[in-house]
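Scroll down for the structure; my scribbles are underneath it.
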Amino acid sequence: MEFYQVDPTNENYWRAVILFGKNVASYKFALAQSLIDLHARPDDLITLDQLAIPFSQHLCEHLKQSPKQITSKSSKFIEACVAHNEGRLDDDVLIGTTVKLGFNNVIDAFHNVNGGEIDNRFFLDERKGKVKGVRLTGNFYKLTESNQFSSFKHETEARWKLVEQGWRMGISRNLIAVEYDPELKTLFTSERERRVDITSCRDSLNGYQKGRCFYCYDDISVDSGADNLADVDHFLPWVANEHLANVNGVWNLVLACQCCNRGKEGKFAKVPSVDLLRRLHKRNEYFINSHLPLRETLIQQTGDNEQQRAAFLQSQYTMVKQKLIHEWQPEIRGIITF
C-alpha cells in the first residue's frame with residue numbers, strides 16, 4: 001500500500017515496529033518503552049541488568065490491569081512478575097529472572113516487521129559480548145532528536161493497551177468494536193455490557209499520521225502541555241451526525257492541528273475536498289493493514305473489502321456534501337509524509 005511505504009524515515013521504521021510487528025507477547029512494547037526510558041544514558045551500551053529494571057517494571061504495571069500479556073498458556077517470566085506484584089518475589093530476584101528469561105526472544109524479534117527485518121536497526125545485540133546487553137545505534141539517537149520523539153511513549157502505550165484489550169476479550173482474529181468518546185477523547189470497547197476505556201484517541205491515532213496534521217501536514221503533538229497539541233477531528237463534520245453512519249466511528253476520526261480544526265481558516269462545518277477524501281480512504285486502508293482491534297473495527301464500520309469501503313466513504317461524503325454544501329482544503333504547511 002502506497003500510504004505506508006512512502007518515505008521510510010527513522011520515525012516510520014520505529015512506528016512500523018510498534019504498529020505492524022506481530023504480537024505473541026507484549027514484550028516488544030516493554031522493550032520499546034525501556035529504550036525510551038534509558039535514552040539519555042551517557043553510554044550507548046545498555047547491559048541486560050540495566051535494561052531489566054524498566055523492562056520488568058513496565059510489565060508488572062500492565063499486569064496489574066491486564067493479566068494476559070502473552071498468548072501462550074504459561075510463562076515463567078510472567079509468573080515471576082505476578083509474584084513480584086503480590087509481594088512474593090523481591091526486586092533483586094525479579095531482575096535476575098528478567099535477565100535470564102525476559103529477553104530470550106524479544107531482542108531477536110524486535111526489528112522484524114511483516115516477515116523481514118527493517119533496514120534501520122535501533123540497537124545491536126551484544127549478548128554474546130563480554131558485557132551482555134544491547135548497544136544503541138545512530139538511528140536510535142537520531143530518533144531522540146526528532147520533534148516527534150516525545151510522542152513515541154504515548155503511542156507505544158496506546159498500542160499496548162489496544163492489544164491487551166483484544167487478548168482480554170479472547171479475540172485474536174474475530175471482531176472487536178472500538179468506539180470513540182468525543183467528550184473524554186478516549187477509545188473504548190464494550191465488554192459484557194460494561195464500557196472499558198482502552199486508550200487516548202490521540203495516542204492511538206498519532207502513529208498512523210506520523211506526527212503530522214491530517215490536513216496540512218504541520219507538526220502535531222500528543223503531549224497534553226504542548227503548544228501544538230493535536231485536536232481529534234471528525235473528518236465529515238459532527239454537525240451532520242444525524243445523517244452519518246456512526247459519526248464517532250474510527251473511520252471518521254483524524255488528528256488535526258489547531259489551525260485546521262478551529263483557526264480562522266479552519267474546517268469547522270465545511271466538507272473536506274475530494275482529494276482529502278482520497279487521503280482518508282488511504283489512511284483507513286493503512287488501519288486495515290495493521291492488526292486488531294482497529295483493523296477489525298474499520299472493517300465492521302465500512303466494509304469487508306476495499307471496494308466496499310470506498311463506496312461507503314463516497315456515499316457518506318455525497319450525503320454530507322448535499323447538506324453542508326461548502327468545500328474546504330487548507331494550504332500545505334509541513335512536509336508531505338502520507
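Can you name every residue in region 61-81 that is in a helix (DSSP H, G or I) and under 20 Å from Glu157 (Cα atoms)? Break it down stepwise before answering.
Step one: filter region 61-81 for residues in a helix (DSSP H, G or I), giving 61-65, 76-81.
Matches in region 61-81: Glu61, His62, Leu63, Lys64, Gln65, Ile78, Cys81.
Identify the residue in region 277-336 that is assigned to a helix (DSSP H, G or I) and among the hydroxyl-bearing types (Ser, Thr, Tyr) and, among all such residues, is nearest to the chain's Cα centre (by Cα).
Restricting to residues being assigned to a helix (DSSP H, G or I) and among the hydroxyl-bearing types (Ser, Thr, Tyr), the top hit is Tyr286.
So, in region 300-311, exactly how many residues are touching a residue at least 12 places away in the same chain (Cβ under 8 Å) and either more than 23 Å from Leu162 (Cβ to Cβ) or surrounded by fewer than 17 Cβ atoms within 10 Å (Cβ to Cβ) (or both)?
Taking region 300-311 as the starting set, the residues that turn out to be touching a residue at least 12 places away in the same chain (Cβ under 8 Å) are 300-302, 306, 309-310.
Now restrict to residues that are either more than 23 Å from Leu162 (Cβ to Cβ) or surrounded by fewer than 17 Cβ atoms within 10 Å (Cβ to Cβ) (or both): 306, 310.
So the count comes out to 2.
Quick one: would you say Lys132 is farther than 15 Å from Tyr27 by Cα and touching an Asp or Glu at 6+ places or on another chain (Cβ under 7 Å)?
For Lys132, the condition - farther than 15 Å from Tyr27 by Cα and touching an Asp or Glu at 6+ places or on another chain (Cβ under 7 Å) - is met.
Would you check which residues across region 68-111 are more than 15 Å from Phe29 (Cβ to Cβ), among the polar types (S, T, N, Q) and exposed (fewer than 14 other Cβ atoms within 10 Å of the Cβ) and list them?
Selection gives Ser72, Ser74, Asn104.
Among (1) under 24 Å from Asn206 (Cβ atoms); (2) at pLDDT 95 or above; (3) aliphatic (A, V, I, L, M), where does Leu101 come up short?
(1)
Does any residue in region 15-44 that is under 20 Å from Ser56 (Cα atoms) and assigned to a loop (DSSP other than H, G, I, E, B) come within less than 6 Å, Cβ to Cβ, of a residue that is modelled with pLDDT of 90 or more and open to solvent by 30 Å² or more (accessible area, probe 1.4 Å) six or more places away or on a different chain, and which pairs are these?
Hits for this filter: His39/Thr144.
For region 230-252, enumerate the residues that are open to solvent by 20 Å² or more (accessible area, probe 1.4 Å), part of a helix (DSSP H, G or I) and farther than 15 Å from Gln314 by Cα.
Trp238, Val239, Asn241, Glu242
Evaluate region 188-201: report whether one residue or more is modelled with pLDDT under 85, assigned to a helix (DSSP H, G or I) and within 19 Å of Arg295 (Cβ to Cβ).
The answer is yes, given that some residue of region 188-201 is modelled with pLDDT under 85, assigned to a helix (DSSP H, G or I) and within 19 Å of Arg295 (Cβ to Cβ).
Right, Lys264: touching a Pro at 6+ places or on another chain (Cβ under 8 Å) and either open to solvent by 60 Å² or more (accessible area, probe 1.4 Å) or closer than 24 Å to Asn12 by Cα (or both) or not?
So Lys264 fails the test.
Filter region 312-337 down to the residues that are crowded, with 17+ Cβ neighbours inside 10 Å and touching a His at 6+ places or on another chain (Cβ under 9 Å) and list them by number. Let's see the steps before the verdict.
Residues of region 312-337 that are crowded, with 17+ Cβ neighbours inside 10 Å, as a first pass: 312-313, 316-317, 320-321, 324, 328, 330.
The answer is Leu313, Gln316, Val320.
Going residue by residue through region 217-225, is there one that turns out to be touching a His at 6+ places or on another chain (Cβ under 8 Å) and modelled with pLDDT under 90? Break it down into steps so the answer makes sense when it comes.
Initially, region 217-225 is screened for residues touching a His at 6+ places or on another chain (Cβ under 8 Å), giving 222-223.
Filter again for modelled with pLDDT under 90, leaving 222-223.
Among the residues of region 217-225, at least one is touching a His at 6+ places or on another chain (Cβ under 8 Å) and modelled with pLDDT under 90, which makes the answer yes.
Mind checking which residues of region 120-134 are closer than 15 Å to Phe103 by Cα, in contact (Cβ under 8 Å) with a residue 40 or more places away in the chain and not β-branched (Val, Ile, Thr)?
Passing the criteria: Phe123, Glu126, Arg127, Lys132, Gly133.
Does region 112-119 contain at least one residue that is crowded, with 17+ Cβ neighbours inside 10 Å, assigned to a loop (DSSP other than H, G, I, E, B), in contact (Cβ under 8 Å) with a residue 40 or more places away in the chain and of a type in the set (Asp, Glu)?
No, there is no match, as no residue in region 112-119 is crowded, with 17+ Cβ neighbours inside 10 Å, assigned to a loop (DSSP other than H, G, I, E, B), in contact (Cβ under 8 Å) with a residue 40 or more places away in the chain and of a type in the set (Asp, Glu).
Take Leu255 and decide whether it is modelled with pLDDT of 90 or more, in contact with a Leu (Cβ under 6 Å, 6 or more places away or on another chain) and not in a loop (DSSP other than H, G, I, E, B).
yes
The values are calculated or read from the model by the stated rules, or taken from the named source; none is laboratory data. Since we're looking at a predicted model, the values are computed, not measured. Glycine gets a Cβ as well: all are built from the backbone with ideal geometry, and neighbour counts include every protein chain shown. Ligands, DNA and RNA are excluded from the accessible area calculation, which covers all protein heavy atoms including side chains. Shrake-Rupley method; radii C 1.70, N 1.55, O 1.52, S 1.80 Å.
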